[in-house]
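Enquirer: Starting off with a structure, shown below.
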Amino acid sequence: MQDLCGRNIDYLRLSVTDLCNYRCRYCMPESGICKRPHHEILTIEECIEVAEAAVSLGVKKIRLTGGEPLVRRGIVDICRALRALPGLEELCLTTNGSLLQELAQPLRDAGVDRLNISLDTLRPDRFRDITRIGTLEDVLSGIRAAEDAGFRRLKLDTVYIGGFNDDEVGDFLALTREHNWEIRFIELMPMGPCAAWDRTCFLPVSRILEQFPELEEIEPNGVARRYRLPGAAGTVGLISPVSHDFCAQCRRIRVTADGKLKGCLHSKTEISLKGLHGEALADAFRQGILQKPARHYLAERPSDTPRNMNQIGG
Ligand code: SAM
Ligand code: SF4
C-alpha cells in the first residue's frame, strides 16, 4: 500500500519484546526497564494477527526486533507462524547475537531467512563497557552458530560512535576480506539515553569513505549505500539516518511490543492495535500508513519520540 507521499510500504519491523539481556549505553538505562504486565504486550497470537494484517496490505518483508527478540518466550513459534503467511517473501531478525548459540538452528529450521547481528566493537573490554553486561565471546560464538545453522550473507550492524569505536573501522573492514558478511556502519541517532551525549559522539559515516578511499562503491541495498574492498569476499554498508536522511525512500512501518503502530521511528504519533482484529486491525494499519510522516528532523533536533530504542526496535 502507498502512503500519501507515494512511498510503497512493504516492510514491517515488528518488536516482540522491550526487554533485553544487555544494557547498551546509547539504548537503555543502566537500571533496565520495569517489566510490563503481560496484558500490555502483544501475545503470540496477536503478533501473528498483526503480521497477517500487514501482509494483507502489501507487506512483503518482516523483521523481528526488540529489545532483544531472542529473550521473548515463544520466539521460534512466532517465526514459524510468520514464515507460513502466504505473501510474505522474507522473514528477518535483528539480534544482539548473545543467544544464537542455542537458537540459531531452531530459528533457521523455523524458516528465518536472514539475520542481522549487532556488534559495536571487536574488543572485549569495550564490548563489556558499551553493553554494560555482555561478553564479546558470546556474540562471536553466536555468529559462528548462525553460519553453522546455514545463515548466509550475515549482516553485522555497528553503531558508529565518535570516541568509542571510530578507531576500529579498519579492523571491521578487515573481516570482510575473508568473510562473506556485510559490515554496516550506522550513524548514532540522538534519542533516549544518548540524546544528551556530546556532539563529538555523532559522526557522519561519510568519514569512513575519507579514511578508506580504497572502498569501491557497489549497488545500494535499501537504505544502505554499499562498498567493497578490492577482492574482498564481503561488503560494507553505510547507513546515514542523520547526515543524509533517506526518508523519501523509507518503505517501513513499525509495531512496538505493546502494540503501537508507528509510521516513523522518530515520530510521537502512534496508533494502538491492541484489541483490534480483522477489518478493524487492517483499517488501523491503513490509517497508520496514510499518516506516515514525510520525514524526521534529526538533523535539526533530537528524536521526537519519548521512547528509548529498545521500546521501538531500531
Ligand atoms: N537487541 C537487538 C540488537 O541489539 O540487535 C535488536 C534491537 S536494537 C534496539 C536494534 C538496533 O538498534 C541495534 O543494532 C542497535 O545497536 C541499534 N540502536 C539502538 N539505539 C541506537 C541509536 N541511538 N542510534 C543508532 N542505532 C541504535
Ligand atoms: Fe538491547 Fe539491542 Fe538495546 Fe543493546 S541495542 S540494549 S542489545 S535492545
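Enquirer: Of the conditions (1) within 14 Å of ligand 1 (Cβ to nearest atom); (2) within 25 Å of residue 29 (Cβ to Cβ), residue 155 fails just one. Which one is it?
Expert: Among (1) within 14 Å of ligand 1 (Cβ to nearest atom); (2) within 25 Å of residue 29 (Cβ to Cβ), the lone unmet condition for residue 155 is (2).
Enquirer: Among the residues that make up the stretch 89-98, is at least one of them among the aliphatic types (A, V, I, L, M) and in contact (Cβ under 8 Å) with a residue 40 or more places away in the chain? Can you show your working first?
Expert: From the stretch 89-98, those among the aliphatic types (A, V, I, L, M) are 91, 93; that's our starting set.
After this cut, where a residue has to be in contact (Cβ under 8 Å) with a residue 40 or more places away in the chain as well, the list is none.
Among the residues of the stretch 89-98, not one is among the aliphatic types (A, V, I, L, M) and in contact (Cβ under 8 Å) with a residue 40 or more places away in the chain, which makes the answer no.
Enquirer: Residues being touching a residue at least 12 places away in the same chain (Cβ under 8 Å), within 16 Å of ligand 2 (Cβ to nearest atom) and not β-branched (Val, Ile, Thr): count how many of those fall in the stretch 102-128.
Expert: So the answer is 8.
Enquirer: Would you confirm whether any residue within the stretch 283-294 is touching a Cys at 6+ places or on another chain (Cβ under 9 Å), more than 24 Å from residue 26 (Cβ to Cβ) and aliphatic (A, V, I, L, M)? Spell out the reasoning first.
Expert: To start, the set of residues in the stretch 283-294 that are touching a Cys at 6+ places or on another chain (Cβ under 9 Å) comprises 292-294.
Going one step further and asking which of them are more than 24 Å from residue 26 (Cβ to Cβ), we end up with 292, 294.
Imposing the further condition that a residue be aliphatic (A, V, I, L, M) reduces the set to 294.
Taking every residue of the stretch 283-294 in turn, at least one turns out to be touching a Cys at 6+ places or on another chain (Cβ under 9 Å), more than 24 Å from residue 26 (Cβ to Cβ) and aliphatic (A, V, I, L, M).
Enquirer: Let me ask something else. Name the one entry in 99, 140 that is within 12 Å of ligand 1 (Cβ to nearest atom) and modelled with pLDDT of 95 or more.
Expert: Values: 140 fails: within 12 Å of ligand 1 (Cβ to nearest atom).
Sole residue among the options that is within 12 Å of ligand 1 (Cβ to nearest atom) and modelled with pLDDT of 95 or more: 99.
Enquirer: From the list 261, 276, which residue is in contact with a helix residue (DSSP H, G or I) (Cβ under 9 Å, 6 or more places away or on another chain), part of a loop (DSSP other than H, G, I, E, B), modelled with pLDDT of 95 or more and within 21 Å of residue 55 (Cα to Cα)?
Expert: On the way: 261 fails: part of a loop (DSSP other than H, G, I, E, B).
Answer to the check: 276.
Enquirer: In the stretch 73-93, which residues are within 16 Å of ligand 2 (Cβ to nearest atom) and surrounded by 22 or more Cβ atoms within 10 Å (Cβ to Cβ)? Steps first, please.
Expert: Of the stretch 73-93, the ones within 16 Å of ligand 2 (Cβ to nearest atom) are 75, 92-93.
Of everything in the stretch 73-93, those that are within 16 Å of ligand 2 (Cβ to nearest atom) and surrounded by 22 or more Cβ atoms within 10 Å (Cβ to Cβ) turn out to be 75, 93.
Enquirer: Residue 313 - would you say it is touching a strand residue (DSSP E or B) at 6+ places or on another chain (Cβ under 6 Å), at pLDDT 90 or above and part of a loop (DSSP other than H, G, I, E, B)?
Expert: Details: touching a strand residue (DSSP E or B) at 6+ places or on another chain (Cβ under 6 Å): yes; at pLDDT 90 or above: yes; part of a loop (DSSP other than H, G, I, E, B): yes.
Yes: the conditions hold for residue 313.
Enquirer: Taking interchain pairs and intrachain pairs at least six residues apart, which have beta carbon atoms under 7 angstrom, with the first residue in the stretch 299-314 and under 23 Å from residue 64 (Cα atoms) and the second polar (S, T, N, Q) and near ligand 1 (Cβ under 10 Å from one of its atoms)?
Expert: Matching pairs, first to second residue: 312/15; 313/15; 313/65; 314/65; 314/94.
Enquirer: Working carefully through the options 261, 276, 281, find the one that is closer than 26 Å to residue 18 by Cα and either within 16 Å of ligand 1 (Cβ to nearest atom) or open to solvent by 40 Å² or more (accessible area, probe 1.4 Å) (or both). Full working, then the answer.
Expert: Details: 261 fails: either within 16 Å of ligand 1 (Cβ to nearest atom) or open to solvent by 40 Å² or more (accessible area, probe 1.4 Å) (or both); 281 fails: either within 16 Å of ligand 1 (Cβ to nearest atom) or open to solvent by 40 Å² or more (accessible area, probe 1.4 Å) (or both).
The unique qualifying residue is 276.
Enquirer: Right, another one. Of all residues in the stretch 158-188 being within 15 Å of residue 24 (Cα to Cα) and either modelled with pLDDT under 95 or of a type in the set (Ser, Thr, Tyr) (or both), which is surrounded by the fewest Cβ atoms within 10 Å (Cβ to Cβ)?
Expert: Once the filter is applied, the top-ranked residue is 158.
Enquirer: Does residue 61 satisfy the condition of being open to solvent by 50 Å² or more (accessible area, probe 1.4 Å) and within 16 Å of ligand 2 (Cβ to nearest atom)?
Expert: Working: open to solvent by 50 Å² or more (accessible area, probe 1.4 Å): yes; within 16 Å of ligand 2 (Cβ to nearest atom): no.
Judged against the criteria, residue 61 is not a match.
Enquirer: So which residues in the stretch 1-40 are open to solvent by less than 50 Å² (accessible area, probe 1.4 Å), of a type outside the set (A, V, I, L, M) and closer than 21 Å to residue 286 by Cβ, if there are any at all?
Expert: Across the stretch 1-40, the qualifying residues are 3, 6, 7, 10, 11, 13, 15.
Enquirer: Name the one entry in 204, 220 that is within 19 Å of residue 183 (Cβ to Cβ) and surrounded by fewer than 15 Cβ atoms within 10 Å (Cβ to Cβ).
Expert: On the way: 204 fails: surrounded by fewer than 15 Cβ atoms within 10 Å (Cβ to Cβ).
Among 204, 220, only 220 is within 19 Å of residue 183 (Cβ to Cβ) and surrounded by fewer than 15 Cβ atoms within 10 Å (Cβ to Cβ).
Enquirer: Within the stretch 225-253, count every residue that is in contact (Cβ under 8 Å) with a residue 60 or more places away in the chain, part of a strand (DSSP E or B) and open to solvent by 10 Å² or more (accessible area, probe 1.4 Å).
Expert: Going through the stretch 225-253 one residue at a time, the tally reaches 1.
The values are calculated or read from the model by the stated rules, or taken from the named source; none is laboratory data. Predicted, not measured: the structure shown is a model, and the values here were computed from it. Neighbour counts run over all protein chains shown; Cβ positions are idealised from the backbone, glycine included. Heavy atoms of the whole protein, side chains included, go into the accessibility calculation; ligands, DNA and RNA do not. Shrake-Rupley method; radii C 1.70, N 1.55, O 1.52, S 1.80 Å.
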